[in-house]
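Data first, discussion second: the structure below is written as structure tokens.
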Amino acid sequence: MITYDPASVPHPQMHGILLSGVAPRPIAFVASRSPQGDVNLAPFSFFNAFASKPPVVAIGPAVSVRSGKVKDTWRNILDTGECTISAVTYGMLHQMNLAAAEYPHGTDEFVKAGLTKVPAETVGVPYVGESPFAMECRLIQNIELFREEGGNGNIMLLRVHRIHVKESVLTDGKIDPRKMDLVARMGYHWYARVTPEVCFELPQPGEKLGIGFDALPEPIRRSPILTGNDLGLLASVLELPARDPSFAEIGSNADSIEHELIASNPRGALDAALRTGDRSPWTLHRIARAFLGRGDLIGAWQTLYLAHPEIAP
Ligand SMILES: Cc1cc2nc3c(=O)[nH]c(=O)nc-3n(C[C@H](O)[C@H](O)[C@H](O)COP(=O)(O)O)c2cc1C
């Protein structure tokens, strides 16, 4: 492990290190307006939501370390107390990047980046028409970070007064991440695109208290085959399931263990193992993993009981 003390790492290096680990970050496409009426648009990945009742988000426009110049976005929101934030999709990636250029004060980046202004309801700043998700926000508070130490950060806390969502990203009335096609900022110049293949659902355990790693029987916890994720799944049962003797009955004329595992057919692999008399723990642990891969926790536990009959309750 390499350990960094931010106090002894030059700022540009610290920036890259920090933002590589605090990633992926959503990108706020922030539109603001000067008191003279000049509209401004710029991306900010120091951005997140911090509360939902009422909705509060924050952005972090920095003061330039090189020039000491403040961002137009920061100045405008301090002056007018208003902004809109639109989500950035892959389809507007290069337009977003254009809008990040340091155009002179007063430049309208909607025009520079060729994006559509949609009038907001509660603030005098438009949002990005191409975005499937936009918020109308008012400044709650600006926090200047460590100026006395030469710090360049700010946190602008913003209350959300309206949210606009395009119907095209809904499935059964809910926002579907697979339809949003969002991009996220990683460290250095890296980005990530949230394609449908990378999305998955994982319900929170809530009040369901899994038995936990510490209650996993020793031969399971020490398995060289089962991974941290496998053990996490096995430890999520509310209690060890009862042993089902019928599980050891050969149910099919299965192919070889390996063929069945490649075909993601754990029951077939188990039948092949039982038919050939291969009850070695590691073979059975591999088959248990395959059950877990199919979301079959009971199948996994029953297979592990065949490997270690003494652990069954
Ligand atoms: C994806 C992306 C994310 C960015 N995030 C931030 C950020 O969180 N804070 C910041 O100060 N600058 C950030 N920038 C740089 C600003 O967008 C850039 O300085 C811009 O010119 C500021 O515009 P303004 O002066 O019109 O507000 C980011 C740039 C990109 C491309």
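Brief remarks on what is shown
- Cut-off under 5 Å, modelled amide H: who pairs with T107 long-range: none
- Total charge dipole magnitude, segment 182-313, about the Cα centre, Cβ charges on Lys, Arg, Asp, Glu only, Debye to nearest 20: 360
- Computed from backbone phi with θ = phi - 60° and the Karplus coefficients 6.51, -1.76 and 1.60, the 3J(HN,Hα) list for segment 74-84 is 4, 4, 5, 5, 4, 6, 10, x, 9, 6, 10 Hz; x is used for glycine and proline.
- The label point for T116 and the one for T195, both projected 7 Å from the Cα toward the Cβ, are 2.7 nm apart.
- For segment 132-144, backbone phi angles converted through the Karplus equation (6.51, -1.76, 1.60; θ = phi - 60°) give residue-by-residue couplings of x, 8, 9, 10, 9, 10, 10, 5, 8, 6, 10, 10, 7 Hz, Gly and Pro being listed as x.
- Taking a straight line from the alpha carbon of K112, these aspartates and glutamates sit under 17 Å away, with near neighbours fewer than eight places off in the same chain left out: D38, D72, E102, E130.
- When you filter the GluC sites (Glu not before Pro) in segment 228-313 for DSSP loop state and at most 13 other Cβ atoms inside 10 Å of their Cβ, you are left with E239, E249.
- Rounded to the nearest whole Hz, the Karplus-based 3J(HN,Hα) values (6.51 cos²θ - 1.76 cosθ + 1.60, θ = phi - 60°) of segment 194-203 follow the sequence 8, 7, x, 5, 8, 8, 8, 9, 9, x, with x at glycine and proline.
- Förster radius 35 Å - calculated FRET efficiency between A101 and S8 (Cβ-Cβ, nearest 0.05): 0.60
- Highest-fluctuation residue, F146, F133, F47 considered, GNM on the chain with Cα pairs under 10 Å: F146
- Alpha-carbon spread of the chain, three principal axes, descending order, Å: 82, 49, 35
- Using a Förster distance of 22 Å, the FRET efficiency for K179-V56 (Cβ separation, nearest 0.05): 0.30
- Net length available on complete extension from Q141 to F213 is 21.6 nm, with 0.36 nm assigned per residue and the Cα-Cα distance removed.
- Under 17 Å from K166, Cα to Cα: lysines that are on another chain or at least 8 residues apart: K117, K174, K179
- Here the chain is assigned +1 on the Cβ of each Lys and Arg and -1 on the Cβ of each Asp and Glu. Its dipole about the Cα centre then comes out at about 560 debye.
- Summarising the amide proton neighbourhood of V88: residues at separation of 5 or more, or on other chains, whose placed amide H is nearer than 5 Å comprise I27, F29, V183.
- Max mean-square fluctuation residue, GNM over the chain, Cα-Cα springs under 10 Å, options L157, L41, L233: L233
- CD proxy at 222 nm, helix term only [per DSSP H run n ≥ 4: -39500 (n - 2.57); per residue of the chain; nearest 500]: -7500 deg cm²/dmol
- Range of Cα positions in segment 93-205 per principal axis (Å), largest first: 48, 36, 30
- Around the amide H of H161, modelled in the peptide plane, lie the amide H atoms of E136, C137, R138, all under 5 Å away and 5 or more residues distant in sequence or on another chain.
Each value in this text was obtained by applying a stated rule to the coordinates, not by laboratory testing. Every value quoted in this text rests on a predicted model; they were computed, and no experiment measured them. Methodologically, a virtual Cβ is constructed for each residue, glycine included, from the backbone with ideal geometry; neighbour enumeration extends over all protein chains shown.
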